[in-house]
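**Q** Below: one structure in structure tokens.
The values are calculated or read from the model by the stated rules, or taken from the named source; none is laboratory data. Here the structure is a predicted model, which means the values were calculated and not measured. All Cβ positions, glycine included, derive from the backbone under ideal geometry; neighbour counts span all protein chains shown. Heavy atoms of the whole protein, side chains included, go into the accessibility calculation; ligands, DNA and RNA do not. Shrake-Rupley method; radii C 1.70, N 1.55, O 1.52, S 1.80 Å.
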Amino acid sequence: MQKTQSYTASRMKTFDLIVTSMLASLVFVATLLLNIKLPIAANGGLIHLGTAMLFIVSILFGPKKGAIAGAVGMGLFDIVGGWALWAPITILTRGLQGFVIGKIAWSNGRKGNSFKFNLLAMIISIPVTVAGYYIGESILYHSWIIPLASIPGDLVQCAVGIAVAIPVCAMLKKVPMFK
């Protein structure tokens, strides 16, 4: 009996690792698939579908998988996409953003089933993202002024992410697997 439980637990850990890896891959591909550099200052940021995918993953799968998918998926994009200097900032910021969204969306047993809490989670994550990139850019450029130019791009990125994630999550929540 104990051998069976150990085998089952091992299979569940393996399955969990596979799902988490696939979610990080989805965030990476969504970031890579369509990204548009914003014409705002020198480092105005990018618009990409990765933020929407991060929101979706965090709402559907919770804080742990949201944090890992955001950190690994977008961090990997920075490394292979020519933004390697930003990778540590992205890993911390997007990991924290995914965790915050998942934690709020899954609070009190909701498991991402409350539209109001899902929207609230995404909105509350915006200052986390803006602050994370602002602090990171302040360190990179040794200035508290230069990073101000990136804030509009961060806000647009998050707004696009919310606009895409809301209808996608609403549709996916009708699928029995995500109810």
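**Q** Which entries in Lys37/Lys111; Lys37/Lys174; Lys37/Lys65; Lys13/Lys179; Lys13/Lys116 show an alpha-carbon gap greater than 30 Å?
**A** Pairs exceeding the cut-off: Lys37/Lys111; Lys37/Lys174; Lys13/Lys116.
**Q** For the chain, what's the relative contact order in percent, using C-alpha pairs closer than 8 Å and at least 6 residues apart?
**A** 23 percent
**Q** Then there's this: Just the ratio, please: alpha-carbon radius of gyration of the chain over 2.2 N^0.38 Å, N its number of residues.
**A** My calculation over the Cα atoms of the chain gives 1.08.
**Q** Considering only Gly161, Ala149, Thr20, whose Cα is most displaced toward the positive end of the charge dipole of the chain, charges sitting on Cβ of Lys, Arg (+1) and Asp, Glu (-1)?
**A** Thr20
**Q** With every protein chain present, what is the per residue accessible area of the chain (1.4 Å probe, Å²)?
**A** Working: 9680 Å² over 179 residues.
I get 54 Å² per residue for this part.
**Q** What does the charge count around Val72 come to, taking other residues whose C-beta lies under 13 Å from its C-beta (Lys +1, Arg +1, Asp -1, Glu -1)? Working shown, then result.
**A** Values: positive: Lys64, Lys65, Arg94; negative: Asp78.
Charge balance in the 13 Å sphere: +2.
**Q** Placing unit charges on C-beta atoms (Lys and Arg positive, Asp and Glu negative, everything else neutral), compute the dipole magnitude of the chain about its Cα centre in debye, rounded to 20.
**A** In total the dipole reaches around 920 debye.
**Q** Please report, as a whole percent, how much of the solvent-accessible surface of region 46-179 comes from carbon and sulfur atoms (probe radius 1.4 Å).
**A** 78 percent
**Q** Another question, then. If the chain between Arg110 and Trp144 were fully stretched, how many nm would it gain, using 0.36 nm times the residue separation less the Cα-Cα distance?
**A** 8.3 nm
**Q** Taking the dipole about the Cα centre of region 16-124, with the C-beta of Lys and Arg at +1 and of Asp and Glu at -1, give me whichever of Pro39, Leu85, Phe99 is farthest to the positive side.
**A** Phe99
**Q** Separation between the Lys179 and Leu120 pseudo-spin-labels, each 7 Å from Cα along Cα→Cβ, expressed in nm?
**A** That separation, rounded to one decimal, is 2.5 nm.
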